[in-house]
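What follows is calculated from the coordinates using simple rules that are stated; it is not laboratory data. A quick note: this is a predicted structure, and the numbers were derived from the prediction, not measured. Here the Cβ positions follow ideal geometry from the backbone for every residue, glycine too, while neighbour counts run over all protein chains shown.
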Amino acid sequence: MNEKIMVAGAGKSGISAAKLLLETGGTVFLYDSNEGLDAEALLSNFPKDAKITLKLGELERADIAGIQICVMSPGIDLETPFVRLLTDNKVQLWSEIELGYQVAKGKLVAITGTNGKTTTTALTGCIMKNAFGDAFTVGNIGLPYTEVALKTTEHSVTVLEASSFQLETIIRFHPHVAAITNITPDHLNRHHTMEQYIRIKEEICSNQTKEDFVVLNYDDPVLRTFGRSALCPSVPVFFSSTELLEDGYDIEDGVICRKVKGKAEPVIATKELKLLGRHNFENVMTAVAIAVCMEVPMAVIQETCRKFEAVEHRIEFVCERYGVKYYNDSKGTNPDAAIQAIKAMPGPTLLIGGGYDKGSSYDEWIEAFDGKVRYLVLIGQTRDAISDCAKRHGFTSIMFAEDMQEAVKVCASYANAGDYVLLSPACASWGMFPNYEVRGKVFKDCVRAL
């Protein structure tokens, strides 16, 4: 890529994209609308003689003269004014994962969905590593695709977690195996409608052919319909945790099975897994289905699944204090994910929730308490809205806290031996924390300090 390419966003993925472009012989125009950033610190990420120009603040038409491609960081809303300037001037928008794909070699597995994609990606990555050795786990899970693209080979496998933000601007992005774990309301403050959100999620397989596969949740009516329609360009592979399938993956008498024309091949008993909850059994089925599509030996799949432990911040056991067990589910950034965490708790639960408002509805989350939640401790911007919603549903055991430390102390004060304290906010972390990882770490530090 020896032309001049713009990179929008000077965060982690933007810096990684810019480095890749420079390494492949390109010239980079790095732009960020935040004029308060430290220009010297940003440029220190690159060699002194690097062919890079940095612009902070307002983007002007003269800045993009001669630029035909802009690599977009996922955090940038496509309705941001400077993006309109780009599209009005016929600049093609690329996702960072699009750039990674166009440079990388080997086979690609891509996983998306509202919930479960991080655990599924991590488990799938472990299976591929154990099966092929030369494997990379990248994307929304934390490591930019562009950071490893030049390390890939014709024999390597890359497993990528893709968010809806990243899928908005793909062009030729083409995984051999794709997966959509589920689709429930999320990020509607950016995508506006469920129809638009669904369309973007399904874009993950837009460039696939009948030589490729897409693993879909049969229990999700949207995905079941999509997989059976002409809109699905690849071979659909279904899994279900509630129904017995003729073909695909299901659970029979506590055993995950692979079904072919009604005949069941046992894969692994759910009691052998170190993961809690039905939603995690779905994640395992997704990873198993992907691995079979990638022709991984079943023995490798089974052994990896048995050893795999929960991803950090996703129903992660922290410790036990005075007979009370604490779980960190900071990755539960929307109501549906938080519902799964509640269901996974084995007993009476004190729940910490609240955070940034993404335009979610909390009714189903509150209804899922189902007598299990003893107290709801709320923090962040959404605490009043969640409290009002809970009261409408007849749940009144609610307390407010100003920060995480206070929330943990309140839970510790009210919990009885045998109870569970769960951080599963049903909201994004922004406003109080820079990301869900920091939120989860703060929670764990507060718990361990009790």
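When the chain is described by a simple charge dipole with +1 on each Lys and Arg Cβ and -1 on each Asp and Glu Cβ, the residue from I97, T121, V324 located farthest towards its positive end is V324. Each Lys and Arg contributes +1 and each Asp and Glu -1, all at the Cβ; summed about the Cα centre of the chain, the dipole is approximately 660 debye. With both residues required to sit in the chain, DSSP beta bridges show an antiparallel share near 25%.
In a simple Cβ point-charge model (Lys, Arg +1; Asp, Glu -1; nothing else charged), region 54-95 has a dipole of about 140 debye relative to its Cα centre. Counting every other Cβ atom within 10 Å of each residue's Cβ, F29, F239, F281 order from fewest to most as F281, F29, F239. Under a 5 Å amide H cut-off, with hydrogens placed 1.01 Å from N, R321 pairs with Y326 among residues at least 5 apart or on other chains. Database remark: amide H of T137 closer than 5 angstrom to the amide H of V159 (H placed geometrically; neighbours at sequence offset of 5 or more, or on other chains; Pro and chain starts carry no H).
Note on region 211-361: antiparallel DSSP beta bridges, both residues inside, total approximately 75 percent of the bridges counted.
Set the Cα radius of gyration of region 64-201 against 2.2 N^0.38 Å, with N its number of residues, and you get 1.08. Each residue of region 271-288 was assigned a 3J(HN,Hα) from its phi angle through the Karplus curve 6.51 cos²θ - 1.76 cosθ + 1.60 (θ = phi - 60°); the sequence is 6, 7, 7, 8, 9, 9, x, 4, 4, 6, 5, 5, 4, 5, 4, 4, 5, 4 Hz, with glycine and proline shown as x. Based on Cα contacts under 8 Å between residues 6+ apart, the chain shows a relative contact order of 11 percent.
When the Kirkwood hydrodynamic radius is evaluated over all pairs of different C-alpha atoms of the chain, what value in angstrom, to one decimal, is obtained? Result for the chain stands at 23.1 Å. Taking a straight line from the alpha carbon of K391, these aspartates and glutamates sit under 19 Å away, with near neighbours fewer than eight places off in the same chain left out: D357, D363, E364, E367, D370. Sequence-ordered 3J(HN,Hα) estimates for region 389-399 from the Karplus curve with 6.51, -1.76 and 1.60 and θ = phi - 60° stand at 5, 4, 5, 5, 9, x, 9, 10, 7, 10, 9 Hz, glycine and proline given as x. Highest mean first, the peptides 215-222, 415-422, 138-145 sorted by other C-beta atoms within 10 Å per residue fall in the order 138-145, 215-222, 415-422.
Helical content alone sets the calculated 222 nm signal of the chain at -9500 deg cm²/dmol, taking -39,500 (n - 2.57) per DSSP H segment of four or more residues and averaging over every residue. The residues neighbouring N34, those whose beta-carbon lies less than 12 Å from its own, together hold a net charge of -3 under the Lys/Arg +1, Asp/Glu -1 convention.
A simple packing score, the average count of other Cβ atoms within 10 Å per residue, orders the peptides 115-122, 70-77 as 115-122, 70-77, with the highest score first. The amide H of I352, built 1.01 Å from its N in the peptide plane, has V377, L422, L423, S424 as neighbours under 5 Å, considering only residues 5 or more places off or on other chains. Region 366-412 and region 427-447 have their alpha-carbon centroids 17 Å apart. A Cβ-based charge dipole, computed about the Cα centre of region 92-166 with Lys and Arg at +1 and Asp and Glu at -1, lands at about 160 debye. Over 21 Å apart at the Cα level, from the set K274/K325; K19/K48; K12/K51; K4/K201; K271/K441; K271/K307, are K4/K201; K271/K441.
Packing-based ranking of 9-20, 390-401, 437-448 yields 9-20, 437-448, 390-401, ordered from highest to lowest mean Cβ neighbour count within 10 Å.
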